[in-house]
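Have a look at the structure below, then the notes.
The values are calculated or read from the model by the stated rules, or taken from the named source; none is laboratory data. Computed from a prediction, not measured in an experiment: that's the story for all the values here. A quick note on method: Cβ atoms are made from the backbone with ideal geometry, for glycine too, and the neighbour counts reach across all protein chains shown.
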Amino acid sequence: MIELDTGKYAQVLPLLDLIEINTLFAKAVLEHTITGKVYTDDPDDPSAYYIAHPYGMSLVLGDTSNDAFVSAVSEYITNTRGDRRTAEWLQADPAGNWTEIIDAAAALHNSTLGLGEGLHAEACSRAIQCNTRVNFILDRTAFAAAKRAAGRQPAPIVLLTEEHFTALEQGVVPRFFWRDAAHFKEEGAGFVVLTAEGDIAAAAFSSCCAGGSWRLELRRCRPTGEKDTLLRSAWR
């Protein structure tokens, strides 16, 4: 994969309008709202692209006839060379052949880990998971018990301010999607739910905005109180 010059990002934008999935995070990179990376098969006459958002979301689209580019994407997905340091959430243009390519690469990779039929990819941290949610496991029994024990507590909802922007540090938080608090205040929006003590219990905010459409992110903050510890035990 060859990194595309940032001055050529605009030429990729019309292709996003043809894709019938959520591509706002990719548009944020192409419009320089946030600093990401775009890779292509040919810097002079590009026909395929891999768009990477700094939070770890990525999109692959375009022609699949360039064997070298397809091979490079497959190697990156499976991390054959160890170039990828963190997890990524990859989407592919459903109208192209990328889904089949990704599925084949994932199946081959998982088979080397001993994850054949009857074994779930969730059982191994190195496995590639497809078409599933990750990092969300709810113990419904524990959650119901914690909810009863916690009872009703004051939970005011207020606008997400620059102070909240700075306070939200881990997980899905605004600072991974906006350059700084001033940038978020100017172009984004959000709300937070506060505890009785004034701490942030949860946040909902726009991570990408384009053409009147917003991508909404929800963030449940790590609880600290005794009652909140019960709720935390319900989630893993």
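Just a few scattered comments:
- Long-range neighbours under 7 Å by Cβ, at least six apart or interchain, first residue without any contact (Cβ under 8 Å) to a residue 24 or more places away in the chain and assigned by TED's automatic domain parsing to the domain that holds Asp93 within the stretch 36-64, second surrounded by fewer than 23 Cβ atoms within 10 Å (Cβ to Cβ) and charged (D, E, K, R): Ser47/Asp63; Ala48/Asp63
Here's the yes/no breakdown for (1) at pLDDT below 80; (2) assigned by TED's automatic domain parsing to the domain that holds Ala28; (3) touching a helix residue (DSSP H, G or I) at 6+ places or on another chain (Cβ under 8 Å):
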| site | (1), (2), (3) |
| --- | --- |
| Thr112 | no, yes, no |
| Lys147 | yes, no, yes |
| Pro154 | yes, no, no |
| Glu163 | no, no, no |
| Ala167 | no, no, no |
| Val172 | no, no, no |
| Ala203 | no, no, yes |
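- Matching entry among Thr86, Thr80, Thr33 (being out of contact with any Leu (no Cβ under 9 Å at 6 or more places or on another chain) and buried (at least 16 other Cβ atoms within 10 Å of the Cβ)): Thr33
- Cβ-Cβ contacts under 9 Å between residues 6 or more apart (or on different chains), taken from a first residue in the stretch 140-151 that is on the phi > 0 side of the Ramachandran plot to a second residue that is in a helix (DSSP H, G or I), are listed as Gly151/Lys227.
- Applying the set (1) under 28 Å from Glu187 (Cβ atoms); (2) touching a residue at least 24 places away in the same chain (Cβ under 8 Å); (3) of a type in the set (A, V, I, L, M) to Ile101 leaves exactly one unmet item: (1).
- Yes/no for Phe176 being of a type in the set (Phe, Trp, Tyr), modelled with pLDDT of 85 or more and over 30 Å from Ser74 (Cα atoms): no
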